[in-house]
Ligand code: NDP
Ligand code: ZN
């Protein structure tokens, strides 16, 4: 029996092996650590696949705020349940399960009651780089590892027919793009543009097409034009020039992770159109909204969106599996994480890297 399973059964701290950076400039190294014991409402998941999100890069490199090191990133987790606490109802041993960006919240404030746990007024506990106030303030470690223990309330059920290799990115890239498309009530015939055509952008395109929208893409070059057109995208533009582009959009969803100018995107909206921001460039690269554009160019709405609540994440996962909507992935082993980070930063990546955990341990 695996050591971590024995520990879960004995109700002691659970040993994990993962990959961590120990400073914002360091490379990934093998790292052993422990997770909290299996509580009555917790499940222990053997991690099979972990997606690499650009947020992992922002966090590992302290681009948004100083990180907590050593840091084991990873908030796109798909695996198999191997132990359950005595009060667990949603899962049994052998089921697939997913974990996204959060592992706990108070459950009592207004946002939590509405299943907007990501906005918990008492502070959400993120999957990694976070202090877990529900477990003696231990630091949380993410999915670039062999197991995770989490409350069943923050685990997502994954149907057994799911294409499990491709499920992990749904837990962040999927929900983060599904949620604003729903919030903006996108329907058949709406004109949607997706800015940034990477891990999130691809999912946004797939969901928007499924909702019946006419979809365009803004990228920083034409490298992935063929892929976009094959999906049914109307056009891929390599620059958002309102003078050259005739279309005006109901919604532009920006997934851009680098410094850029918002003004042309505001100009590309219809009157009353919406600009949803999910991409979050490093905090040093301030991106601002031109108030004069908002005022003079007619009732444009700008909003930010943060992942999605647990209820909506479950809805997105069931919808994605039922409609065969998955990311495009490249499977790698953990010794290639540094290479993946470089490629994602330098424009050499396609869509999503996923770490094959079984081949990495
Ligand atoms: P990726 O690196 O996979 O994709 C980003 C894409 O944006 C790449 O295709 C990149 O192009 C493109 N891009 C970069 N700069 C520009 C530009 N100026 N104009 C147009 N396209 C550009 O990242 P992810 O999809 O994983 O994440 C995107 C962002 O979303 C990150 O900032 C991440 O932190 C954030 N995020 C936010 C969440 C939320 O809840 N709000 C949740 C998850 C992620 P190229 O192909 O050339 O590299
Ligand atoms: Zn993410």
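Only the coordinates and a few stated rules stand behind these numbers; no lab work does. Quick caveat: nothing in here was measured; it's all calculated off a predicted structure. Cβ atoms come from the backbone with ideal geometry, glycine included; neighbour counts cover every protein chain shown.
Put a dot 7 Å past the Cα of residue 319, heading toward its Cβ, do the same for residue 87, and the two dots end up 3.2 nm apart. In plain terms, the bigger the Kirkwood radius, the slower the diffusion; for segment 1-98, with that radius from Cα pairs, at 10 °C and 1.306 mPa s, Stokes-Einstein puts D at 108 µm²/s. With an a/c value under 1.5 for the gyration tensor axes a ≥ b ≥ c computed over the alpha-carbon atoms, segment 189-261 is described as rounded. The alpha carbon centroids of segment 225-292 and segment 105-174 are separated by 29 Å.
The peptide list 321-330, 77-86, put in order of mean Cβ contacts within 10 Å with the highest first, becomes 77-86, 321-330. Given axes a ≥ b ≥ c from the Cα gyration tensor, I'd like to know whether segment 174-304 is rounded (a/c under 1.5), prolate (a/b larger than b/c) or oblate. Rounded is the answer for segment 174-304, as its axis ratio a/c remains below 1.5. In this simple spin-label model, placing a label point 7 Å from the Cα along the Cα-to-Cβ direction at both residue 1 and residue 26 gives a separation of 3.3 nm. Antiparallel beta bridges, as assigned by DSSP with both residues in the chain, represent about 60 percent of the total such bridges. A full extension of the chain between residue 15 and residue 239 corresponds to an added length of 75.8 nm, given 0.36 nm per residue minus the alpha carbon distance. Residue separation of residue 220 and residue 297 scaled by 0.36 nm, minus their Cα-Cα distance, works out to 25.2 nm of gained length. Under the shape rule built on the C-alpha gyration tensor, where the axes satisfy a ≥ b ≥ c, segment 271-352 is oblate, since a/c reaches at least 1.5 while a/b does not exceed b/c.
The helix-based estimate of mean residue ellipticity at 222 nm for the chain, built from -39,500 (n - 2.57) per DSSP H run of four or more residues and divided by its residue count, is -6000 deg cm²/dmol to the nearest 500. Dividing the mean sequence gap of close Cα pairs (under 8 Å, 6+ apart) by how many residues the chain holds gives a relative contact order of 17 percent. When peptides 147-157, 87-97, 214-224 are ranked by their average number of other Cβ atoms within 10 Å per residue, the highest-first order is 147-157, 214-224, 87-97.
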